[in-house]
Amino acid sequence: MSKRMFLFIATRETPGPRTLMMFFWLLTFAILVNVANAETNLLVNGNFETTTYSDWYCMGPCSLAPSDDARQGQHSVQVTGRTAIWNGLAQAVSFSSGERYKITAYVKLLNTANNAAYQTVGLMEKCTVAGNSVYTRIGQTPLIQPGDWYQIGGVRRIADGSSNCKIYVQTDAPADYLVDDASVTHIPTSAWAEWSEAAEDRIDQIRKADINIQ
Ligand SMILES: [Ca+2]
């Protein structure tokens, strides 16, 4: 996907700052997926194959139940009974402040709320910083329709001084959904530094390249 996006950018648009920033983050995600894949998943039962949920819980009102509709393996988890956008599947994660993590999950909507054709689904982080609850959107995916699996999430640097962190899945209206194949993986500082240098060189090459404007 990132390669196709790169070709589109290179042939269709003058690479202004916004385009370059979009490319920068696409490249970040694509490369860091490979880096982080070698790391341990910090989530417990991220594939929901264990159908009793000792580590997963509901942020606010909701119900969790096993589903045989799986993206990977035999089971996913079904999340129903939500009454607000922030209600949903959650798990506490032992992040290290200042470190970067790839945080992703696959979501399938079972319906939409408020008669909407689509929903925006977000992967959220809640941490305590200086005694206050801080809510951060790790990533959100718009225009999700019921019936298909979508990957949500992103790459996140945990703020200094963070503690008591958890992640949770929300939608822009309280629809029912499935989740499978969720993971949180640490991105080593050395890998991030190597990637940053390579990306800056690559972006500089693109900036200087001939652009075919249509
Ligand atoms: Ca599974």
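Being more than 16 Å from the chain's Cα centre (by Cα) and open to solvent by 20 Å² or more (accessible area, probe 1.4 Å) is the filter; apply it to region 87-97 and report the residue that is farthest from the ligand (Cβ to nearest atom).
Let us first name the residues in region 87-97 that are more than 16 Å from the chain's Cα centre (by Cα), namely 87, 94, 96-97.
Restricting the remaining residues to those that are open to solvent by 20 Å² or more (accessible area, probe 1.4 Å) gives 94, 96-97.
On the way: Ser94: 23, Ser96: 27, Ser97: 31 Å.
Looking at residues that are more than 16 Å from the chain's Cα centre (by Cα) and open to solvent by 20 Å² or more (accessible area, probe 1.4 Å), I get Ser97.
Part of a strand (DSSP E or B) and more than 21 Å from Val107 (Cα to Cα): is that true of Ser163 in this structure? First the steps, then the outcome.
Values: part of a strand (DSSP E or B): yes; more than 21 Å from Val107 (Cα to Cα): yes.
Against the criterion (part of a strand (DSSP E or B) and more than 21 Å from Val107 (Cα to Cα)), Ser163 qualifies.
Yes or no: Ala182 among the hydrophobic types (A, V, I, L, M, F, W, C) and not in a strand (DSSP E or B)? Let's see the steps before the verdict.
Working: among the hydrophobic types (A, V, I, L, M, F, W, C): yes; not in a strand (DSSP E or B): no.
It is false that Ala182 is among the hydrophobic types (A, V, I, L, M, F, W, C) and not in a strand (DSSP E or B).
What number goes with the only condition from (1) in contact (Cβ under 8 Å) with a residue 40 or more places away in the chain; (2) β-branched (Val, Ile, Thr); (3) open to solvent by 20 Å² or more (accessible area, probe 1.4 Å) that Thr51 does not pass?
Unmet for Thr51, out of (1) in contact (Cβ under 8 Å) with a residue 40 or more places away in the chain; (2) β-branched (Val, Ile, Thr); (3) open to solvent by 20 Å² or more (accessible area, probe 1.4 Å): (1).
So Tyr106 fits all but one of (1) surrounded by 14 or more Cβ atoms within 10 Å (Cβ to Cβ); (2) assigned to a loop (DSSP other than H, G, I, E, B); (3) not hydrophobic (A, V, I, L, M, F, W, C); what number is the exception?
Only one criterion is unmet by Tyr106, namely (2).
When you scan region 112-134, how many residues do you find that are in contact (Cβ under 8 Å) with a residue 40 or more places away in the chain, at negative phi and either open to solvent by 20 Å² or more (accessible area, probe 1.4 Å) or touching a helix residue (DSSP H, G or I) at 6+ places or on another chain (Cβ under 9 Å) (or both)?
Let us first name the residues in region 112-134 that are in contact (Cβ under 8 Å) with a residue 40 or more places away in the chain, namely 112-114, 116, 119-126.
Then keep just the ones that are at negative phi; that gives 112-113, 116, 119-126.
If we keep only those that are either open to solvent by 20 Å² or more (accessible area, probe 1.4 Å) or touching a helix residue (DSSP H, G or I) at 6+ places or on another chain (Cβ under 9 Å) (or both) as well, we get 112, 116, 120, 126.
Going through region 112-134 one residue at a time, the tally reaches 4.
Output the residue which, of all residues in region 68-86 that are in a loop (DSSP other than H, G, I, E, B) and in contact with a Pro (Cβ under 8 Å, 6 or more places away or on another chain), is nearest to the ligand (Cβ to nearest atom).
Pass one, region 68-86, residues in a loop (DSSP other than H, G, I, E, B): 68-75, 81-86.
Filter again for in contact with a Pro (Cβ under 8 Å, 6 or more places away or on another chain), leaving 75, 81-85.
Numbers: His75: 5, Gly81: 21, Arg82: 21, Thr83: 26, Ala84: 27, Ile85: 25 Å.
The extreme case among them is His75.
The values are calculated or read from the model by the stated rules, or taken from the named source; none is laboratory data. The model shown is predicted, which means the values in this text are computed figures rather than measured ones. FYI the Cβ positions are ideal-geometry reconstructions off the backbone, even for glycines, and counts take in every protein chain you see. Please note that ligands, DNA and RNA were not included when accessible areas were found on the heavy atoms of the full protein model with its side chains. Shrake-Rupley method; radii C 1.70, N 1.55, O 1.52, S 1.80 Å.
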